[in-house]
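The block underneath contains the structure these notes are about, expressed in structure tokens.
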Amino acid sequence: MTTGPVIELRAATKRFRGATGGVHTAVRELTLSVQPGEFVAVVGPTGCGKSTTLSLVSGLEPPSSGIALVRGEPVLGIPEGIGYMFQNDAVQPWRSVLDNVAAGPRYRGASKAKAREKARVWVEKVGLAKFAGYYPHQLSGGMRKRVALAATLVNEPSILLMDEPFSALDVQTRALMQDELLRLWSGTNAAVVFVTHDLDEAIALADKVIVMTASPATVKSTFDVHLPRPRLVEEIRMTPEFQSVYREIWESLREEVDKARERSVVAS
Amino acid sequence: MSAVSLPAETEAIPARELTGAARAARNRRLKVWSIRVVLVAVWLGSWELAATYWIDPFFYSKPSEVWAKLVDWFTVGTSQGSIWTNIAATMQEAVIGFLIGALAGIVLGVLLGRSPLLSDICAPFIKALNAVPRIVLAALFVIWFGLGMQSKIATAFILVFFAVFFNAFQGAREVDRNLINNARVLGASRFQVLMTIVLPSATSWILASLHSAFGFALIGAVVGEVVGAETGLGLLISRSQGNFDTPGIYAGMIVITVLALLAEAILTALEKRLLKWRPTAAHEQGAQL
Ligand SMILES: Nc1ncnc2c1ncn2[C@@H]1O[C@H](COP(=O)(O)OP(=O)(O)OP(=O)(O)O)[C@@H](O)[C@H]1O
Ligand SMILES: [Mg+2]
């Protein structure tokens, strides 16, 4: 086994055809790497290309130029061991909570009973045991997010891509889920790429925070977060170390947010 | 090891509230049904009166004659043998045509809906076929397949196929990309995506078309029998027409209507079962048709 990065993007560029026929560059010359077991948070202004970056890593979209590597291999199709929590929750409305979570093992060839057994454990871990038989339309938005989380984690991914997974949750539930995520992740040595708008969340969770530029996205700067683990997000927020890292990253992020805002004002 | 606690699942609802709601629902049902019965009584009564005093019952018949005809069919039998063998023949044709037509419509609709290349290739042919007047085809099928059951099944098939095909096609095209991507990342093969994502999300579209499709299957079978047959309700109707037996035509229509309503009830039950994951808003309460 080589011990290189699990995820690598080298000068990856992604262009889309725009609505009016022009070409829109969502991600430009993006280079980044993630080590095994590393928790990387990605922050950047809205619409800059964060979700697109994740789709390049997941293999759902091929880069227009440059290259995406997972475990040193170019990404063709969906790499083994990937878990991806989408920005819009993707629960299947015709399956109960339990069967939604069991979907992954089922797809991978487990028997129905085995898959459900596995799923039940994860439904419990995200606190939905009482709702195992419910259909998604009977759940709140936050509960659906937790279903999606359990459905992703039940496959025990070694690479976890998360696109603003907790943005729809209220503050208390979000803090609980963040702690829960750290707890679930701590034993696994999985690499996490966590996209968020919330700088607090990024710093509290991650080893490394990547700030993206306004559209088209590329890495503006990278900050290491040397806060001790295990962490409790509510407590760590109060520490002076946290505050100083926050100020440092916010300086960098604010410029990009302002740029993005100015541009959208000019455009409209 | 649940880390996130949740509010209690349900709370007790006061019994008074429940019985109140049940009573309101019952009252509403009673009202709906009594108005329906009154409407039918007024309609039949005025028809009977009109046919007795003003219009010619030879052409227009009247409810009492139609009723007598029905009683005669079910107790004595029809000119074409027992009514039950005729019903069985028509139903058999309709059901077989419906099953094959629905299956072909679903399979082809979903396949073409998921494959832009296939649908581009096939589009002009399907549009051309769809433009052919189906009733004309019934005449052609009698020549191809003879007076037996096959020609009616073929007519029912063609009618059902197009009704189901277009809905399945549309349903398969409008599947949420997000759901497909999610399934693929979770490890689904192309076939698994088709079976667990595309089909279920097209189900509401498909089921909606199946309602009208069984009606079409019956029409196909009956029209096929009117064009040429040895047995069946369509034959009964065309014989009644040949003998200027107006009550016989009405009686045949009534039998067919009852069969269609029965099939509709079965399909509705099936739909409820298959779509139990959907919110109960539009299709269970309030404005239902
Ligand atoms: N499939 C697509 N076709 C065309 N354009 C796209 C597509 N996906 C994304 N884009 C464009 O790429 C840009 C970046 O989109 P992306 O979803 O990556 O942003 P984001 O950083 O995730 O934003 P947010 O923080 O609001 O989620 C946007 O301008 C968007 O319009
Ligand atoms: Mg996004």
- request: Please work out the Cα center distance from segment B:150-199 to segment B:76-110, rounded to the nearest Å.
  value: 24 Å
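Using a Förster distance of 22 Å, how high is the FRET efficiency between residue B:50 and residue B:244, based on the Cβ-Cβ distance and rounded to 0.05?
On the way: r = 20 Å, r/R0 = 0.89.
Efficiency computed from Cβ-Cβ geometry: 0.65.
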query: Can you give the angle from 0 to 90° between the axis of helix B:63-75 and the longest principal axis of chain B, with both taken from C-alpha atoms, to the nearest 10?
result: 80 degrees
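How do B:169, B:244, B:216, A:131 stack up against each other in accessible area, from largest to smallest, with a 1.4 angstrom probe? Let's see the in-between values first.
Values: B:169 35, B:244 135, B:216 75, A:131 15 Å².
I get B:244, B:216, B:169, A:131, largest accessible area first.
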field: Table column - 3J(HN,Hα) (Hz), segment A:146-153, Karplus curve with 6.51, -1.76, 1.60, x for Gly and Pro
entry: 5, 4, 4, 4, 4, 5, 6, 6
message: Per-residue Cβ counts within 10 Å, from other chains only, averaged over B:194-203: what number is that?
response: 2
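Sorted by packing (mean other beta-carbon atoms within 10 Å per residue), highest first, where do B:21-33, B:90-102, A:242-254, A:224-236 land? Before the final figure, lay out the partial values.
Values: B:21-33: 10.2, B:90-102: 22.8, A:242-254: 15.4, A:224-236: 13.5.
Ranking the peptides B:21-33, B:90-102, A:242-254, A:224-236 by packing returns B:90-102, A:242-254, A:224-236, B:21-33.
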- line: Looking at segment A:121-140, residues buried by 10 Å² or more relative to their chain on its own, accessible surface at probe 1.4 Å, turn out to be A:124, A:125, A:127, A:130, A:131, A:134, A:135, A:137
task: Go through segment B:48-59 residue by residue and turn each phi into a ³J(HN,Hα) via Karplus (6.51, -1.76, 1.60, θ = phi - 60°); whole Hz please, and just put x for glycine and proline.
output: 4, 4, 4, 6, 6, 10, 10, 9, 7, x, 5, 8
- request: Could you work out how far helix A:171-186 tilts from the main Cα principal axis of chain A, as a 0 to 90 degree angle to the nearest 10?
  value: 80 degrees
- request: Identify all aspartates and glutamates with a Cα-Cα distance to residue A:259 below 15 Å; exclude those on the same chain that are fewer than 8 residues away in sequence.
  value: A:251
- prompt: Any idea how far the Cα center of segment A:192-268 sits from the one of segment B:205-256, in Å?
  reply: 71 Å
message: Need one value for A:100-109: mean number of C-beta atoms belonging to other chains within 10 Å of its residues' C-beta atoms.
response: 4
Peptides B:144-153, A:203-212 ordered by average Cβ neighbours within 10 Å, highest first: A:203-212, B:144-153
task: Would you mind giving the mean number of other chain beta-carbons within 10 Å of the Cβ of each residue in B:176-183, as a whole number?
output: 6
- prompt: Which ³J(HN,Hα) values, rounded to whole Hz and listed in residue order, are derived for segment B:99-116 from phi using the Karplus coefficients 6.51, -1.76 and 1.60 in 6.51 cos²θ - 1.76 cosθ + 1.60 with θ = phi - 60°, glycine and proline given as x?
  reply: 5, 5, x, 5, 4, 4, x, 5, 4, 5, x, 5, 4, 5, x, 8, 10, x
message: Only four residue types carry charge here, +1 at the Cβ of Lys and Arg and -1 at the Cβ of Asp and Glu. Report the dipole size of the protein assembly as shown about the Cα centre in Debye, rounded to the nearest 20.
response: 560 debye
- line: Once amide hydrogens are built 1.01 Å from N within the peptide plane, the residues lying 5 or more places from residue A:217 or on another chain with amide H under 5 Å from its amide H are A:27, A:28
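Give the interface area between chains B and A as buried accessible surface, both sides summed, probe 1.4 Å, in Å² to the nearest 100.
Looking at B and A, the buried total is near 2800 Å².
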task: Within 10 Å, count the other beta carbons around each residue, average over each peptide in A:48-58, A:4-14, and list them highest first.
output: A:48-58, A:4-14
field: C-alpha center-to-center spacing [segment A:120-139, segment A:37-68] in angstrom
entry: 30 Å
- line: Spelling it out for residue B:78: with amide H atoms placed in the peptide plane at 1.01 Å from N, the residues 5 or more places away or on another chain with amide H under 5 Å from its amide H are B:83
- prompt: Considering amide H positions built from the backbone, and no H for Pro or chain starts, which residues 5 or more places from residue A:161, or on another chain, come under 5 Å of its amide H?
  reply: A:83, A:84, A:85, A:193
Chain B: angle of helix B:177-186 to the longest principal axis, Cα-based, in degrees nearest 10: 60 degrees
field: Theoretical FRET efficiency, 1/(1+(r/R0)^6), r = Cβ-Cβ of residue B:42 and residue A:221, R0 60 Å, to 0.05
entry: 0.15
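The values are calculated or read from the model by the stated rules, or taken from the named source; none is laboratory data. Source: prediction; values computed, not measured. As a convention, Cβ positions derive from the backbone with ideal geometry for all residues, glycine included, and neighbour counts pool all protein chains shown. Note: areas computed on protein heavy atoms with side chains; ligands, DNA, RNA excluded. Shrake-Rupley method; radii C 1.70, N 1.55, O 1.52, S 1.80 Å.
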